[in-house]
Amino acid sequence: MIKNKEINLGEINQEKYRNILIDIPYTNSGKKELVIFKVDVSCNCISISYPQNPLRRGKVEYIKMSINPAKVKGYFHKNIFIKSNAECLRLYV
């Protein structure tokens, strides 16, 4: 489903970046249509949008993540939890 389970943003200048947008690709490598039921985040500094329609086998789609660095002080290590009909995943940002 998702190859890279860790997203390293490096050091972020909070004065320069008010909103960081990241597209997280995922692929349906299963035999059935892939459905994402729910995506949770561990911080209100992250917002997520994802396709509500089933993803056909072999197709690629994107989970869109937006991070507001102004809401975070110091070290940044957050979790994103993805629940689907294939598996449950945890991503690290």
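Remarks
- In percent, rounded to a whole number, the relative contact order of the chain is 36, using alpha-carbon pairs under 8 Å and six or more apart.
- Loop-located GluC sites (Glu not before Pro) across the chain with a Cβ neighbour count of 16 or fewer within 10 Å are 11, 15, 33, 87, with loop assigned by DSSP.
- Kirkwood analysis of the Cα pair distances in the chain returns a hydrodynamic radius of 14.1 Å.
- Whichever aspartates and glutamates have a C-alpha closer than 18 Å to that of residue 73, once near sequence neighbours (fewer than 8 apart) are set aside: 11, 15
- Distance from region 49-93 to region 27-46 (C-alpha centre basis), Å: 6
- Reachable lysines from residue 71, criterion Cα separation under 18 angstrom, eight or more residues apart if same chain: 16
- Accessible area of the chain divided out per residue, in Å², using a probe of 1.4 angstrom: 69
- Accessible-area ranking of 76, 37, largest first, probe 1.4 Å: 37, 76
- Region 4-78, accessible surface, carbon-and-sulfur percent (1.4 angstrom probe): 46
- Anchor residue 5: lysines whose Cα lies under 21 Å away (excluding residues fewer than 8 positions away in-chain): 38, 59, 64, 78, 83
- Modelled FRET efficiency - R0 30 Å, residue 18 with residue 53, Cβ distances, 0.05 increments: 0.45
The values are calculated or read from the model by the stated rules, or taken from the named source; none is laboratory data. What you see is a predicted model; the values in this text were computed from it and never measured. All Cβ positions, even for glycine, are placed from backbone atoms using ideal geometry, and neighbour counts span all protein chains on display. These area figures cover heavy atoms from the full protein model, side chains too; ligands, DNA and RNA do not enter into them. Shrake-Rupley method; radii C 1.70, N 1.55, O 1.52, S 1.80 Å.
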